[in-house]
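Asks: Could you have a look at this structure, given as structure tokens, before my questions?
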Amino acid sequence: MSKILATQLNGLYQKIIQNEEDSIEQTARLLAQAGIGEGNVFFACFDELQAVEFYALYSEEPFAKLSKWSPDVDIHEADRVLIFTKSAQNPEALQLAKKLYDEFIPFAVVASDAASDENELSNLAYTYISMQIRGGLIPHPTKLGERIVVPHLHAALFIYEAIKMVYDEMLEDEL
């Protein structure tokens, strides 16, 4: 089973890069506006994707100019926000997106859903990255027709690392 998992995760990562590479670069560029300038970068992460913010803040290679986000934080026009949510219908993520949009603060979104006219979150965001997840990766071993291992956190961390590599390069070029 572990070989199947590795193959399926590799396929997911390849699909993300094939379909979202431009959006990843645009997102890094958006965040670099704050990283290079006077602003701060915030990651607003919902549900289990809060692990992305924790990792970005406290890992061996933390995300430069990242400040801890909470709903109480005052966000200013020089700041940039990256929202991580499993679902584009997450009410907290949508509420934050509408607030940022109304205040003319550019922000990016990472969510499972594909960008579309019906996806309000993708329409509000300056950049939008789909995690390309439609369900579980592996057939359930005993329940026919069901799938297991829904890899939201795996995909979010992969996208985070892809953004961070481009972002760090942009910051380094400015020093």
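The values are calculated or read from the model by the stated rules, or taken from the named source; none is laboratory data. Note that the structure is a prediction, hence the values are computed from the model and not measured. Here the Cβ is made from the backbone with ideal geometry for all residues, glycine too, and neighbour counts use every protein chain on show. SASA here: full protein model, heavy atoms, side chains in, ligands and nucleic acids out. Shrake-Rupley method; radii C 1.70, N 1.55, O 1.52, S 1.80 Å.
Asks: Which value, in Å² and to the nearest 10, is the accessible area of residue 113 when all protein chains are kept and the probe is 1.4 Å?
Replies: That residue has around 40 Å² of solvent-accessible surface.
Asks: Using the Karplus curve 6.51 cos²θ - 1.76 cosθ + 1.60 with θ = phi - 60°, what ³J(HN,Hα) values do you get for each residue of segment 21-27, in whole Hz, with x for Gly and Pro?
Replies: 4, 5, 5, 5, 5, 4, 5
Asks: So, R0 is 25 Å and r is the distance between the beta-carbons of residue 126 and residue 73; what FRET efficiency does that work out to, to 0.05?
Replies: 0.85
Asks: Three principal axis extents, largest first, for the C-alpha atoms of the chain, in Å?
Replies: The principal-axis extents, from largest down, are 54, 34, 27 Å.
Asks: Between residue 25 and residue 6, what is 0.36 nm times their sequence separation minus the Cα-Cα distance? Round to one decimal in nm.
Replies: The span from residue 25 to residue 6 would gain 4.3 nm if fully extended.
Asks: So, one more: Give, rounded to the nearest 20 debye, the magnitude of the charge dipole that the chain has about its Cα centre when Lys and Arg contribute +1 at Cβ and Asp and Glu contribute -1 at Cβ.
Replies: The calculation lands at about 880 debye.
Asks: As a check on your grasp of the helix formula, calculate [θ] at 222 nm for the chain: sum -39500 (n - 2.57) over DSSP H runs of n ≥ 4, divide by the residue count, round to the nearest 500. Walk me through the numbers on the way to the answer.
Replies: Details: 5 runs with 84 residues, N = 175.
So the calculated ellipticity at 222 nm is -16000 deg cm²/dmol.
Asks: Give me the accessible area of residue 57, 1.4 Å probe, in Å² rounded to the nearest 10.
Replies: Counting only protein heavy atoms, residue 57 exposes about 40 Å² to solvent.
Asks: Can you compute 3J(HN,Hα) from phi for each residue in segment 126-138, using the Karplus curve 6.51 cos²θ - 1.76 cosθ + 1.60 with θ = phi - 60°, rounded to whole Hz and x for Gly and Pro?
Replies: Rounded to whole hertz, the list is 5, 10, 9, 10, 8, 6, 6, 9, 10, x, x, 8, 10.
Asks: Between residue 69 and residues 5 or more places away or on another chain, which pairs have amide H atoms under 5 Å apart, with H built 1.01 Å from N, and which residues are they?
Replies: Excluding prolines and chain starts, which carry no amide H, the hits are 43.
Asks: Something else now. GNM, the chain, Cα, under 10 Å: largest mean-square fluctuation among 104, 63, 43?
Replies: 104
Asks: Count the lysine pairs in segment 36-175 that are 8 or more places apart or on different chains: how many have C-alpha atoms under 23 angstrom apart?
Replies: Step by step, the pairs that qualify in segment 36-175 add up to 9.
Asks: Between residue 128 and residues 5 or more places away or on another chain, which pairs have amide H atoms under 5 Å apart, with H built 1.01 Å from N, and which residues are they?
Replies: 109
Asks: Hey, another quick one. Summarise the accessible area of the chain (1.4 Å probe, protein heavy atoms) by the percent that is carbon and sulfur.
Replies: 50
Asks: Compare 7, 85 by solvent-accessible area with a 1.4 Å probe and give them largest first, with all protein chains kept in place.
Replies: 7, 85
Asks: Continuing with the same structure: So what are the ³J(HN,Hα) numbers for segment 54-61, from phi and the Karplus equation (6.51, -1.76, 1.60; θ = phi - 60°), rounded to whole Hz, Gly and Pro as x?
Replies: 4, 4, 5, 7, 10, 6, 4, 10
Asks: Could I ask something else about it? Out of residues 5 or more away from residue 148 or on other chains, whose amide H comes under 5 Å of its own, with H placed 1.01 Å from N in the peptide plane?
Replies: Amide H neighbours of residue 148: 137, 138, 140.
Asks: Let me ask another. In what sequence, largest accessible area first, do 36, 16 appear using a 1.4 Å probe?
Replies: Numbers: 36 80, 16 0 Å².
Ranked from most to least accessible, the order is 36, 16.
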